[in-house]
């Protein structure tokens, strides 16, 4: 599976439309939001129609009413092969709140700053940054592929960094 991962889009319809095109271009199977999706109705319809769209509750999503998609949970976990991928917004939970092992992936947003690193226990910490309101000067998102995670510029898809599995 290939996952397109983003965070903190805050109702930006234009950015979301570009992400949908990028998802096709990069041949991703699933889109994952690390919160503060805050979708418009059009964004919800597009996300719903993807078939495999996963999102978590962000601090700004708490004030947003979802009408088509289910109200997001504060975190989700799923298996990708042998790895556990845990996604949360980052305002309530950190990696230490979960039973993660070396090689597992912890995804969070909230800071609007991209980060990709392996901690001292071998857990991969990934923040895709923000495609609409970055606080580190670069619009970014990520792709989780079978061989690693890549942090990419938005919308040009230039590689900022890559962490191999």
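FYI, it's all coordinate maths here, none of it is from the lab. The model shown is predicted, which means the values in this text are computed figures rather than measured ones. Every residue, glycine among them, receives a Cβ derived from its backbone with ideal geometry; neighbour counts consider all protein chains shown.
Summed over the range 1-20, residues that are part of a loop (DSSP other than H, G, I, E, B) and under 20 Å from residue 136 (Cβ atoms) total 5. It is to be established whether one or more residues within the range 3-20 are without any contact (Cβ under 8 Å) to a residue 24 or more places away in the chain, at positive phi and surrounded by fewer than 13 Cβ atoms within 10 Å (Cβ to Cβ). Checked the range 3-20: no residue is without any contact (Cβ under 8 Å) to a residue 24 or more places away in the chain, at positive phi and surrounded by fewer than 13 Cβ atoms within 10 Å (Cβ to Cβ).
Candidates are the residues of the range 21-34 that are in contact with a strand residue (DSSP E or B) (Cβ under 9 Å, 6 or more places away or on another chain) and outside any loop (DSSP other than H, G, I, E, B); the one that is surrounded by the fewest Cβ atoms within 10 Å (Cβ to Cβ) is 30. If we scan the range 90-106, do we find a residue that is in contact (Cβ under 8 Å) with a residue 60 or more places away in the chain, more than 15 Å from the chain's Cα centre (by Cα) and exposed (fewer than 13 other Cβ atoms within 10 Å of the Cβ)? Looking through the range 90-106, none of the residues is in contact (Cβ under 8 Å) with a residue 60 or more places away in the chain, more than 15 Å from the chain's Cα centre (by Cα) and exposed (fewer than 13 other Cβ atoms within 10 Å of the Cβ). Residues in the range 117-147 that are closer than 17 Å to residue 2 by Cα and in contact (Cβ under 8 Å) with a residue 40 or more places away in the chain: 126, 127, 128, 141, 142, 143, 144, 145, 146.
Being part of a loop (DSSP other than H, G, I, E, B) and either in contact with a helix residue (DSSP H, G or I) (Cβ under 7 Å, 6 or more places away or on another chain) or buried (at least 17 other Cβ atoms within 10 Å of the Cβ) (or both) is not true of residue 70. Taken over the range 113-138, the criterion of being buried (at least 20 other Cβ atoms within 10 Å of the Cβ), out of contact with any helix residue (DSSP H, G or I) (no Cβ under 6 Å at 6 or more places or on another chain) and closer than 17 Å to residue 19 by Cβ is satisfied by 114, 126, 127, 128, 129, 130.
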